[in-house]
1. List pairs: first in the stretch 320-334 and farther than 28 Å from P230 by Cα and outside the structural domain of I17 (by TED's automatic domain parsing), second in a strand (DSSP E or B) and not aliphatic (A, V, I, L, M), Cβ under 6 Å, 6+ apart or cross-chain?
2. Residue check, P262 against (1) within 17 Å of T100 (Cα to Cα); (2) free of Cβ contacts under 8 Å to residues at least 24 places away in the same chain; (3) touching a Ser or Thr at 6+ places or on another chain (Cβ under 8 Å), all met but one. Which one?
3. Of the residues that make up the stretch 16-36, is at least one in contact with a strand residue (DSSP E or B) (Cβ under 7 Å, 6 or more places away or on another chain), polar (S, T, N, Q), in a strand (DSSP E or B) and touching a residue at least 40 places away in the same chain (Cβ under 8 Å)?
4. Can you tell me which residues in the stretch 224-260 are closer than 16 Å to R186 by Cβ and among the acidic types (D, E)?
5. State whether the residues of the stretch 314-332 include one that is surrounded by 14 or more Cβ atoms within 10 Å (Cβ to Cβ), within 18 Å of the chain's Cα centre (by Cα) and over 16 Å from N358 (Cα atoms).
6. Pick from the stretch 296-313 the residues that are touching a residue at least 40 places away in the same chain (Cβ under 8 Å) and acidic (D, E): which of them is surrounded by the most Cβ atoms within 10 Å (Cβ to Cβ)?
7. Checking A89 against (1) in contact with an Asp or Glu (Cβ under 9 Å, 6 or more places away or on another chain); (2) under 19 Å from G50 (Cβ atoms), which test does it fail?
8. Could you identify the single residue in G222, G251, G287 that is surrounded by fewer than 19 Cβ atoms within 10 Å (Cβ to Cβ) and out of contact with any helix residue (DSSP H, G or I) (no Cβ under 6 Å at 6 or more places or on another chain)?
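The values are calculated or read from the model by the stated rules, or taken from the named source; none is laboratory data. None of the values given here were measured: they were computed from a predicted structure. Heads up, the Cβs are rebuilt from the backbone with ideal geometry, glycines too, and the neighbour counts pull from every protein chain shown.
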Amino acid sequence: MSENQPVDAIVVGGGIIGLAVAWRARQAGMTVTLLERELVGQGTSRVAAGMLAPVAEVEFGEAGRRQLELGLRSAQMWQAFASELQDTAGMSVGLMRTGTLLAARDEDDVREIERQLAFRRSLDLAVRRLRQSEARELEPALAPTVRLALEAPDDHSVDPRLVLAALTLACVQDGVQLREHAPVARVELHGTGQQGADEDDLGARRRVTGVTLEDGERLSAGQVVLAAGPWSESIGGLPIQARVPVRPVKGQSLRLRDPAGPGLVRRVLRFRGGYLVPREDGRYVLGATVEERGYELAPTAGGVYELLRDARELVPGITELQVEELAVGLRPGTPDNTPTIGRGALAGLIWATGHYRNGILLAPLTAELVLATLTGDRHSMARSLDPLLAACAPDRFAVGVPA
């Protein structure tokens, strides 16, 4: 078994969360190695639609309100994050500040839109009720049968593929060591190099000292950040009390292109069953299914049919777009679908996973929170989020602790 020179931090996972964390940690002067099981930026984050939509996606219930607070805070950070990233990498990240429309196609949808409108107003969120004519004035491509719409003017979008490319370049330029095709088999704990630490004894083995790759290579670090998305739970070496349950949630989406260029729709359109997200160059993302099918990545005719059928009722012109790609990804979900961010039961181990449908939205905030945890810097931003960090605490899933 080989062992390399220790670094300050190892980040496991090369999606948007792992890349953003590694970039921020390196900017803070830490030596950082990022490990990706396949290719950096080619997993779940690459197939994401890129909606920055805390208002449109807010859900009823206490968990929904906690996620809303996280989403609103991170959405406020995106403009500065995008500008800094563009300046560093010298490329656009496709941030489109054009707002979001939730559209109703029938009476059932109308009742639901009215309910959602009242809910958002009760939370003092910026929303506007649009009659059919007002909605079609904003987006002429909408079908005449659209009955009603809800506008969330502050919900925007970004192109995750451009963000991933820019983050990768920024990491390389700033000195992060990126290692691809480096799947992690297990984390290593103080006092043992054996796989599968004693699940009943965290005592002398409470500190994570590094990781071992599947080929046997061992890497040492002062701290390890697990940002491996839906694969986070499969990493070995953790006592049962220290694990976090993360499950894969399959999503299918279509990449479409308008040969005439951009302009069919400018805003993100959301509807019962899916969404249509425009890009700056005339491309669109139509998505996405939500399927509890484990790690299955096979696309299905039924999933594609349902997406196209529902979207066509809202935007008939979508049938003229060219199909460029059918993409399938695995969202990382937790039992309460709230992300897991921060320290858990083991010293030296920080979690940054379980972002479910909001990994792109929460990337800037997650990176800052993880950085504050890595460095111990309890600055004003982190202190102000202490209640939310408690809601995201990994140990909320510990054995014997109610979820």
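1. Qualifying pairs under 6 Å: Q322/R257.
2. (3)
3. Yes.
4. E233
5. yes
6. It comes out as E313.
7. Evaluating A89 over (1) in contact with an Asp or Glu (Cβ under 9 Å, 6 or more places away or on another chain); (2) under 19 Å from G50 (Cβ atoms) leaves (1) as the failure.
8. Going through G222, G251, G287 in turn, just one is surrounded by fewer than 19 Cβ atoms within 10 Å (Cβ to Cβ) and out of contact with any helix residue (DSSP H, G or I) (no Cβ under 6 Å at 6 or more places or on another chain): G222.
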